[in-house]
1. What's the extension gain from residue 271 to residue 339 if we count 0.36 nm per residue and subtract their Cα-Cα distance?
2. Going toward the positive end of the dipole of region 129-185, with +1 on Lys and Arg Cβ and -1 on Asp and Glu Cβ, which of 181, 162, 148 do you reach last?
3. So what's the Cα pair-distance distribution over region 103-259, bin width 10 Å, in %?
4. Taking N as the number of residues in region 404-449, what value does Rg over Cα atoms divided by 2.2 N^0.38 Å take?
5. Work through the residues other than residue 294 whose Cβ is under 9 Å from its Cβ and net out their charges, Lys, Arg +1 and Asp, Glu -1.
6. 7 Å from Cα along Cα→Cβ at both residue 256 and residue 148: what's the point-to-point distance in nm?
7. Net charge near residue 209: determine it from the other residues with C-beta under 9 Å of the C-beta of residue 209, scoring Lys and Arg +1 and Asp and Glu -1.
8. Let me check the size of region 257-307 from its C-alpha atoms; what are the radius of gyration and Dmax in Å?
Amino acid sequence: MTEKPVDDVVRDQLPVVSAAAEAARFGTAASHVAAGAGRFLVGTAKDLRHGKLPGKSDVARELRVTFEHLGPTYVKLGQLIASSPGVFSPELSNEFESLLDHVRPADADEIHRIIEAELGQPAREVFATFDDEPIASASIAQVHTATLIGGQEVVVKVQRPGIARRLAPDVALLERVAGLVELSEYGRMLSARHVVEDFADGLNAELDFRNEAATMEEWFECLQPGPFGDRVRVPKVYHDLTTPKVMTMERIYATRIDDVKAVRAAGHDGQALCRNLLLSLLDSAFHGGLFHGDLHAGNVLVDEEGKLVLLDFGIAGRFDARTRRILRQLVVDLIVKQDYDSAGRAIFLLGAVHKPGSTVQGGEDLKKVTQPLSTTEMASMSYTDLGRQLAAVAKAHDARLPRELVLVGKQLLYVEKYMKLLAPRWKAISDREIYGYMAGIMKEAERDRRADRSAKNQQ
C-alpha cells in the first residue's frame, strides 16, 4: 500500500478553512467541552451527596452528550467509537451506539429542497410516495422510504444540508490536535495524523454518494467469481435517481444480524451466517482487494432466504496486489504454519515496523500472542485482551500497523461479536469450509513464494 502524506490529501467536497474560521470553531468546541465537564462535575457532586460514586457509564453518557453538542464531525467520531467493539470499553461503545442511526433528523422542508435541487424535480413528482419521517438518521445523511412511479419500493438517502461547511473547520482542528498527539510514543504508535487523514478522506468520499454506490457494486462484483458470491447481496442502486447528495436504492426487508431471537425464529443457521460473513470478508480482502469497513449490526442484515445483506459502503478498505500477497503469507504463517519468524519478516515487508531489531524476537512475541487462537472457543476468547497484547508488541517494536490492516481487524471484531451471539461454541479455524479456504490461501502463498524465487534466480 502506498502511503499518502497528510499535506497532499485532496478533499473535493470539504472546503478550505480560513484561520479565522478555525479559531472560531476552536472557541466553540472548547466551550462545549467545558460545559460538558461542568455538567459532569455537578452531577458527580449530586451523586456523592446521595452516597453514590460515578461509574464508567456516567462518564460515557456525558461524553456522548458532549459529542452531540459539538456537532456532526464529533457525532461521526462517536460513530467510529461505537463501530469499534473491543477497541474501546463496552460502556463507551454501547453508549455511542445511539449515534449510529438515531441522530436528530433535519427539517423535512430542507430535505425536500435538497431533493429538488439534486434531481431537478420536487419529491412528489419524482416519487409516487415519499415519507418525510426518516427510518434512520446519522451525522452525514438520513434515510427515507419512498415508492417509485412504477411501484418499486425504495429507500432514499439524503445528505444533511450544509454538512460540508460544518465539517471542514473541525477536520482542520483535528489535524492540528493529531500533530500534537504524535509527540507522544502512544500517538506515534497509533499514527494519529494518519488516523485523522483517513477520517478526513472518508468524510470527503461520503459527501458524494456516487462513490458509495460505485463501491457497493464493485464489492458485490468482486465476490461473484468466488464460491461466496451467492451468499451475500446488496441493494440495487437507481443511478438515474442518484447524485452526490441523494442516493436511491432498492428497499430490502431483512433482520439485523444481532437480533438473535428474530434470526432463530426465522429458522436461520447462526453458524452458517457467521461463516458466510467471515468468508466474504476474507475473500473480498484477500482476492478482491476491497472490503466493507463498517460491519456494525445496522449494516449487516439477513433476508428471508438467509442471505447476508450489506448496507452503507461509505467506509471501505482496499489492499493493493502486493499487500494482498504479503497478507496471505502472514495469515498462513500465523494461523496455519505457525512460522512466527516468517510472520515477523512479513510484517517488516508491510513497512509496519520502524525500530531496527531482531525479527526472531519479534517472531517470539507474535507467537505468545497468536498461538492460543487455534484452540480457543469463541465464547471464551477476548479480542479486547488480544488487542491489548498486540498493542504491547507493537509498542515494543515501534510498529505502526498499516491503516487498512487496522480497519479489517476492526471488522473481525464485529464478526467475533456475532459469533458469540449466534454460534458461541463454534471454532472457526476448525470449521471444514474455513479450513478449506485457508488451505487455498496457503497454496496461493506457496505459489507466490515459488514465483518470487524463480524471479530472483532469473536475475
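1. Answer, rounded to one decimal: 21.6 nm.
2. Going by the charge dipole, the pick is 162.
3. 10, 31, 29, 21, 8, 1
4. 1.41
5. 0
6. Label at residue 256, label at residue 148, 2.9 nm between them.
7. 0
8. For region 257-307, the Cα-based Rg and Dmax read 11.8, 35 Å.
No lab work stands behind these numbers, since they all come straight from the coordinates. Here the structure is a predicted model, which is why all the values come from computation and not from measurement. Every residue, glycine among them, receives a Cβ derived from its backbone with ideal geometry; neighbour counts consider all protein chains shown.
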